[in-house]
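What follows is a short report on a single structure.
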Amino acid sequence: MKIAIIGAGVAGLASARRCLENGFECVVFERTKRVGGTWVYDERIGLDEFGLPIHTSMYKCLMTNLPKELMNYPNFPYKGLDNVSFLTPFQVQEYIEQFTKHFKLIQHIRFCSLVTSVERLTNIWQVIVEDLMTKTARIEYFDAVMVCNGHNAVPRIPDDKPGMNEFVGVDISVDVAKVANQVYFSHNNPKLLDKEFPDNIAHKPAIEYFTEKTVCFIDKTSVALDAIIYCTGFKIALPFLKPSCGINLINDELITSLHKNIVNMNNPSMGFIGFINMNFVFPIFDLQARYYIEFLRNNYSANENWMTAVNTHVVGHYLLEYCKSLALEEIKIEPIPMIIFRTYWGCQKLREENFGSYRSAVFRIIDSNKYFIEFDKNNAKNKFKHTV
C-alpha cells in the first residue's frame with residue numbers, strides 16, 4: 001500500500017514511522033524546508049521566499065505547559081534533559097529532528113512540496129503537488145491519504161469588533177509583563193481572576209470596540225494601548241481537499257464526517273491525524289496513527305456498523321475515554337499506559353494550584369504505576385516574582 005502523508009509535523013512524523021513499521025510505502029509532503037510543523041520558530045513575517053504567508057505558533061520565550069514526560073513519542077525519550085521537564089520550543093524542535101533521524105524518516109520526506117489538490121478517483125487518490133523550488137507541478141497516485149497538516153497555522157482573528165481595523169498600535173500576558181509597564185488581559189474566564197499574575201497585569205472583560213489608539217471594553221472602561229496581541233486560536237484549513245474527498249469543513253472548526261476524529265466516513269482510505277484539542281500531543285497522535293494504520297491493514301470500510309461521526313474535535317475531560325475507545329474497539333492496538341494519564345492529571349493539578357511557578361517542577365515517571373514531582377513551592381514562587 002502506498003500512502004500520502006500531508007505535513008511533516010508531530011502527526012505526520014508519527015504517521016510515517018508507523019507506516020514504515022507496517023511495511024507500507026509512504027511519501028511525506030512538507031511545504032517548508034524543515035520538519036517540526038508548529039514547533040518551528042521563525043522570526044520572519046510577511047511572505048517567505050516562495051511567496052507564501054509566514055506564520056509560526058512559537059515565540060522565543062515560550063515554555064511548554066506540559067512536561068516533556070508527556071511530550072515524547074513512545075519508546076523514544078528525550079536525551080540529556082533529566083533535570084528539567086518544561087522545555088523551550090528549540091528543545092522540542094531538536095527532539096523532533098532527532099526522532100526523524102533515528103527512524104530514518106528524512107528519506108521519505110519531500111520538502112518544499114505544497115499539496116494543492118487531493119481528489120478521489122474511482123479506486124485511487126490523485127494528489128497534485130507543487131515543487132516550490134522549481135515551480136513545477138507533479139501528479140501522483142496513492143492508495144490512501146493521511147492528512148496531518150495540523151490546525152495551528154491559520155490564525156483566527158476576530159472580525160466583529162467595530163474599529164478593529166483602525167487600531168494602529170500585540171498577546172502573551174506574563175511574558176509581555178516582563179518588559180511592559182502595563183498589560184491589560186482581556187478574557188471571559190472568571191477562574192483566571194484567582195490566579196497568580198504579575199502586579200502589572202490588569203484583568204479586563206471582553207472588548208466592545210476599538211478606536212485609533214484606544215480599546216473600549218464591555219464594562220464601558222477604555223485604555224490607550226501601544227499594541228494588541230490576539231490569543232484567539234486558529235482555524236482549520238484544508239484548501240487542497242476537493243469535493244470528491246467527501247469532507248465538509250464547518251465554520252473552519254469542525255471536519256465532518258469523521259469516525260473517532262480520524263476516519264473519513266465517506267472515503268475511509270483517507271484519515272486525519274492530529275485534529276483534536278486539549279490533549280498531550282505526541283502520544284495521542286501516535287495512538288491515532290496506529291489506530292488508522294491498523295484500520296487500513298484490516299481493510300475496514302465505512303459500512304461497519306460500529307462507526308459513528310463525531311461532532312467536536314475537543315476531547316478535554318473525555319481524553320481518557322477517547323483513548324480507551326481507540327484501543328478497545330474492533331481495531332485492536334496497544335493503549336497508552338495509564339501512568340501517562342496520571343502524570344497528565346498531576347500536571348493539571350499542579351498548574352491549577354501554582355499557576356505562576358509550576359514550570360519549575362521536574363516530573364519523574366518511576367514505573368508503570370508511579371511518578372513523582374520535584375517542586376519547591378517557595379523557591380519557585382520567589383523565582384517567578386524575581387523574573388517578572
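The values are calculated or read from the model by the stated rules, or taken from the named source; none is laboratory data. Fair warning: this is a prediction, and the values are worked out from it, not measured in the lab. We place every Cβ from the backbone using ideal geometry, glycine too, and count neighbours over all the protein chains shown. Heads up: the accessible areas ignore ligands, DNA and RNA and are worked out on the full protein's heavy atoms, side chains in. Shrake-Rupley method; radii C 1.70, N 1.55, O 1.52, S 1.80 Å.
Among DSSP bridges having both ends in the chain, what percentage is antiparallel? Round to the nearest 5.
Antiparallel: roughly 65 percent of the beta bridges in the chain.
Hey, if you put +1 on the Cβ of every Lys and Arg and -1 on every Asp and Glu Cβ in the chain, which of C231, P89, S113 ends up farthest toward the positive end of that dipole?
P89
So what does Y322 come to for accessible area, using a 1.4 Å probe and Å² rounded to 10?
20
Say each of D226 and L47 gets a label point 7 Å from the Cα, pointing the same way as Cα to Cβ; how far apart are those two points in nm?
According to this spin-label approximation, the distance is 3.1 nm.
Taking the alpha-carbon distance from K104 and a cut-off under 19 Å, which aspartates and glutamates remain once sequence neighbours fewer than 8 residues away in the same chain are dropped?
The qualifying aspartates and glutamates are E21, E25, E30, E94, D286.
Semi-axes of the equivalent ellipsoid for the chain, please: Cα gyration tensor eigenvalues, times 5, square-rooted, ordered largest first, whole Å.
Details: eigenvalues 263, 146, 84 Å².
After diagonalising the Cα gyration tensor, the semi-axes are 36, 27, 20 Å.
Between S57 and V314, what is the label-point separation in nm under the 7 Å Cα-to-beta-carbon projection?
With each label point 7 Å from Cα toward Cβ, the separation is 1.6 nm.
Once ligands and nucleic acids are excluded and a 1.4 Å probe is used, how much of D252 is accessible, expressed in Å² to the nearest 10?
Answer for D252: close to 60 Å² accessible.
Which residues in the range 66-104 place their backbone N less than 19 Å from a point set 7 Å from the Cα of R364 along the Cα-to-Cβ direction?
Under cut-off, by backbone N: 67-71, 77-87.
Residues with amide H under 5 Å of G356's amide H, sequence separation 5 or more or different chain, H placed in the peptide plane at 1.01 Å from N; which?
E196
Rounded, prolate or oblate: pick one for the range 26-115, where a ≥ b ≥ c are the square roots of the eigenvalues of its C-alpha gyration tensor, a/c under 1.5 means rounded, and failing that, prolate if a/b is larger than b/c, else oblate. Don't skip to the answer; put the middle values down first.
Numbers: a/c = 2.94, a/b = 1.31, b/c = 2.25.
Oblate shape, in that a/c is at least 1.5 and b/c is the bigger or equal ratio.
Keeping all protein chains in position, work out how much accessible area S57 exposes to a 1.4 Å probe, and write it in Å² to the nearest 10.
Answer for S57: close to 30 Å² accessible.
Rounded to the nearest 20 debye, what is the charge dipole size of the chain about its Cα centre when +1 sits on each Lys and Arg Cβ and -1 on each Asp and Glu Cβ?
Dipole of the chain, to the nearest 20 debye: 640 debye.
Sort the range 1-156 into rounded, prolate or oblate with this rule: let a ≥ b ≥ c be the square roots of the eigenvalues of the Cα gyration tensor; rounded if a/c is under 1.5, and if a/c is not under 1.5, prolate when a/b is larger than b/c, oblate otherwise.
Oblate, since a/c reaches 1.5 and b/c is not below a/b.
What is the distance, in nm, between label points placed 7 Å from the Cα along the Cα-to-Cβ direction at K2 and at Q182?
For K2 paired with Q182, the spin-label model returns 6.3 nm.
For the range 42-90, which trypsin sites (Lys or Arg not before Pro) are in a loop by DSSP, counting at most 14 other Cβ atoms within 10 Å?
Sparse-neighbourhood loop trypsin sites (Lys or Arg not before Pro): R44, K60, K79.
For the chain, what does the helix formula give at 222 nm: sum of -39500 (n - 2.57) over DSSP H segments with n ≥ 4, over the residue count, nearest 500 deg cm²/dmol?
-6500 deg cm²/dmol
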